[in-house]
Amino acid sequence: MMSIEVTIENILYFGAISLSLIGLFGMMMLQNVFRILLSLVLLEAGANLLLVLSGVRIGGVAPIITEGMSAGVVMNDPVPQALVLTAIVIGVGIQALALALIFRVKRNYGTLDLRKIREKLEKDIAVSNEVSAPGSYQAPEKLTESTGANQ
Amino acid sequence: MNKMILLIALPLLAAFLIPVVAKFSATVSRLLGPVVLAFVLVFVALQWNVVGRDSFAIFLGGFLPPVGIVFYVDHFSLMFSAIIAAMLLVVWPWGQYTAIRQQSLYMLLAASSFGLVLSSDLFNLYVFYELLAVATYGLVANQPHKAAPAAALRYLFVSCAGSVMLLIGIGIIYTITGTLNIAHLATMIGKLHGLAGLSAFILIVVGAGVKAEMFPVNSWVPEVYGTSSKSLSALLAGLISKLAVVLILRVLLMLFQVDVVLDLLLVVGILGVLSGEMVAWRAKDVTRMLSFSSIAQLGLVFVALSLSGTIGLWLAVGLMLHHLLVKGGLFLLADSMPGSFNSLKGLARRSPILGAIFLIFIFSLLGIPPFPGFWIKLMLVINLAQQDDVLYQIAIGVVLFATVIEASYLFKLVRIMYQKNDENIIKPPQTSTSGMNLLYAKFFALIVVVSMPFVSPISDRLKDMSRQSVNAENYIETIMSQPKLGGQS
Amino acid sequence: MTKYTSLLFIAGLSFLLFVIVGYLPIAENPMVAGKAILGSAQQEVGSANIVTSVVLAYRGLDTLGELSILFAAASVVGLLLGKSYSTDSVKTQKSGQAKEYKQFVVLKSLDLLFPMLLVVGMYIIVHGHLTPGGGFQGGVLLAVAFSMRSIVNPGSDKKNHYSITFIEGFAGFSFILIGVLALITDGNFLQPLLGKGEFGSLWSAGTLPLLYLAVGLKVGAELAGLLFELNGEEERV
């Protein structure tokens, strides 16, 4: 079982898994939000390939019944193809949404660097709750006093 | 019976039509959502007795398994449907300031939640999970807070990576078994318990765990709750996280009652409890404290799930319902408690009712005797003690230790709230929603108090329902053994 | 620190996935559901393209869910980016007019292309149950046809928003309506109605072509809406 032959199916599986791992690597390692989005696209593409590969048959044809079709012809599994169709459209919707969010973040914070975005995000949350940002060295009492005086 | 599908069709219809109707009459479109939710509530109540002791299945489009999508209706799914409708009505954005499309998003949220508790098909669950995810990104991103889009973006990245893991897990399961129907999968359970099947399940848990605030994938929690309005936080922490657990529950109970998986859930749960309570202890404002406490509480749910079978489900559902009431109520109450702990000085002296409600919630959260939280924690500890694995003994220690930490930070807050504060009485800034939310919080507290004498009958009822839901043979028989299917196999 | 844990996680996951491949029945999966569908699709649904029968009949609810996801995404994008239209529209309009003069050739060829894209898109949608293609693919073409002009010349198509709201609402409504009609007449949501027709002809497979038409319109409207919004944004950033 574990002796892996070099067949076209194995290569395809290898490629699909590698694609999704590259995507995951990018999502975890990169700092530019737009690049992270592109990594997400890669990750989804890899997962979709993996899914559609699960229905492949050796010598199979597309599952469409045509007129001159002989009886013994092998068809690929139609279910994964339908699932992937669904998954791709879902992916498109989410990517568009992420793009719109990136636009808004850029407009609010003027940066695409995830570290800076996170820093500003935490600061904004802390300010709205009138406490010092977690991990900052400013004394919490001082900050709350000053905001209290402002009111 | 087939009319159960209206639970999904009607909210979706309302979601599509709300923006169109709004062009003609704003009032009608604003009423559309609540009317549909109220209808669902009535409908579920009518169905309750129809289900009776026997659960039933709905075959969508009349296609029998394994080819079609199947819905499985039992008392649990009905109970969760009713809770979803009620909770959404509580947090419904009545105010005129909300954009009309936001109401569409709430309806989509409703449809996907009903789908998640009813569906018995893996890929269908994935689709509804994604719909739930997209609707929540939208709601989080459109909060007026300046940081909201950034929080939503980080949430989206974590959650999408999780969803892809879920998809890969489903793909692996389909590859080894050739079916997606959970009942059909339960008949070929042997195939799933190999290395591939178990890793697929782990991928599914990681994927769904993002929304369930599971230990390693919950970095979004404080950011999202920090930027969202309190009623949205109540919805996310109270309801949406539970729905992700329900997804895991279905797959776990029917397919993967294996020691490795249960141990893994236990470890994840313990780490969640510990990390959540530790960070909550250091928090300096109510929202942050509640977010991390919610991570810890969901860790407890995972600990309960690691007990196999009826007991696990019973405890997990009990914990979830309790947490839904208490944390939902606390988040709604937090709308009247803005700012850091210091600015809350003497708040309970100024408004004693608020203080009393807060005390009721935290007593129940901690598990102080007559409150319902006590009985659930007691049952959890007793049942953990009956296991002879070392891990479970550690879990008991962790649960008790976590309660101590929890008590320490909650009572710290109580002390601040009851402190004398003569020098400067600052009235807490009222948001437009805090009055309404305070009312709902009072209502939630009332439920907690009223349920106290009925803890024993409620828990018996829950146990009955768990027995019904855990029964895999009944599940398989209801879905798989249809007259027409006899010839195939 | 986080970097190392992420690297460790990825290394573990890659090891796991590559090992799992050795255990998977590659190219010969059991295909239980798939075989049952291949065997019965022609009698039960009557569409020549079996993938279509899976998408719209056997797993019609998935498709409805996916349309809702697109709708949700388009709504959110509209909410996120639509707020500042009123303030910026004057500026974009002006620059738009200036560009229009320069891009005479491009705009004229777009006019030429528009009817063709429309025909091809509609053809692909209505033949979805016979050939590879269908509502999604055709819908994308429709979206491109309607948003081409706005891509070349951002900010020129303000009134389209109104019609998009209508089309997406109407298409979603009709998809669910067909499903609910089936629920009322035959007792099952989204069961194919109207008889099977002659196998392989355009009027076959019952309500499937109608459903695909709704899907196509919906996808087209949502994607066109997304493109409009994202395009308008480009002008402002």
Shape call, the range B:257-450: gyration tensor on alpha carbons, a/c limit 1.5: prolate
Other chains' Cβ within 10 Å of B:114-125 residues: what's the mean? 2
How many nm is it between the label spots at residue B:473 and residue B:412, if each spot is 7 Å from the Cα in line with the beta carbon? 5.4
About the Cα centre, and with charges only on the beta carbon of Lys, Arg (+1) and Asp, Glu (-1), how big is the dipole of the range B:257-450? Nearest 20 debye, please. 940
Provide a whole-number value for the mean count of partner chain Cβ atoms within 10 Å of the Cβ atoms in peptide C:183-193. 5
Expressed as a whole number, the average count of other chain Cβ atoms within 10 Å around the Cβ atoms of B:338-345 is 5
Place a label point 7 angstrom from the Cα of residue B:368 along the Cα-to-Cβ direction, then list the residues of the range B:324-346 whose backbone nitrogen is under 17 Å away. B:326-327, B:330
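List the relative contact order of chain B as a percent without decimals, with contacts defined as Cα pairs under 8 Å and 6+ residues apart. Provide the component values of the computation, followed by the final result.
On the way: 707 pairs, mean separation 68.6, N = 489.
Answer for chain B is 14 percent.
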Could you pull out which residues in the range A:38-59 have an amide N less than 14 Å from a spot 7 Å beyond the Cα of residue A:22, following the Cα-Cβ vector? A:38-47, A:49
Rounded to the nearest 100 Å², what's the accessible area chains C and B bury against each other, both chains counted, probe 1.4 Å? 4600
Residue by residue through the range B:25-37, what is 3J(HN,Hα) from phi via Karplus (6.51 cos²θ - 1.76 cosθ + 1.60, θ = phi - 60°)? Round to whole Hz and write x for glycine and proline. 8, 5, 5, 4, 5, 6, 7, 3, x, x, 5, 4, 5
Is the range B:288-333 best put as rounded, prolate or oblate by its Cα gyration tensor, with a ≥ b ≥ c the root eigenvalues, rounded for a/c under 1.5, and otherwise prolate when a/b is larger than b/c, oblate when not? oblate
Under a plain spin-label model, where a point goes 7 Å from the Cα along Cα-to-Cβ, how far apart in nm are residue B:191 and residue A:107? 5.1
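Please report the carbon-and-sulfur percent of the accessible area for chain B; probe 1.4 Å, protein heavy atoms only, DNA, RNA and ligands left out.
Taking all protein chains in place, chain B shows 68 percent carbon and sulfur surface.
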Chain B: angle of helix B:372-385 to the longest principal axis, Cα-based, in degrees nearest 10: 50
Calculated FRET efficiency, residue A:32 and residue B:3, Cβ-Cβ r, R0 51 Å, to nearest 0.05? 0.50
Please list, in chain and number order, the residues 5+ apart from residue A:64 or on another chain whose amide H is under 5 Å from its amide H, with Hs placed from the backbone. C:50
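Once fully extended, how much extra length lies between residue B:481 and residue B:393, figured as 0.36 nm per residue of separation less the alpha-carbon to alpha-carbon distance?
27.5 nm
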For a protection proxy built on the mean count of beta-carbon atoms within 10 angstrom, sort C:179-190, C:50-61 highest first, please. C:50-61, C:179-190
I'd like the chymotrypsin sites (Phe, Trp or Tyr not before Pro) in the range B:75-138 restricted to DSSP loop residues with at most 14 other Cβ atoms within 10 Å, sorted by number. B:94, B:97
How far is it, in nm, from the label point at residue B:458 to the one at residue C:186 when both lie 7 Å from their Cα along the line to the Cβ? 4.5
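Which order do the peptides A:25-36, B:64-75 come out in when sorted by mean C-beta neighbours inside 10 angstrom, highest first?
Packing proxy ranking, top to bottom: B:64-75, A:25-36.
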Quick check on the protein assembly as shown: take the gyration tensor over C-alpha atoms, sort the square-rooted eigenvalues as a ≥ b ≥ c, and tell me if it's rounded (a/c under 1.5), prolate or oblate. oblate
Order of B:459-465, C:162-168 by packing, highest average Cβ count within 10 Å first? C:162-168, B:459-465
Go through A:123/B:345; A:116/B:211; B:23/B:146; B:377/C:3; B:442/B:463 and tell me which ones have a Cα-Cα distance over 31 Å in this structure. B:377/C:3
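The values are calculated or read from the model by the stated rules, or taken from the named source; none is laboratory data. Just so it is clear, the model here is predicted, and its values are computed rather than measured. All Cβ positions, glycine included, derive from the backbone under ideal geometry; neighbour counts span all protein chains shown. Accessible surface areas use protein heavy atoms only, side chains included; no ligands, DNA or RNA. Shrake-Rupley method; radii C 1.70, N 1.55, O 1.52, S 1.80 Å.
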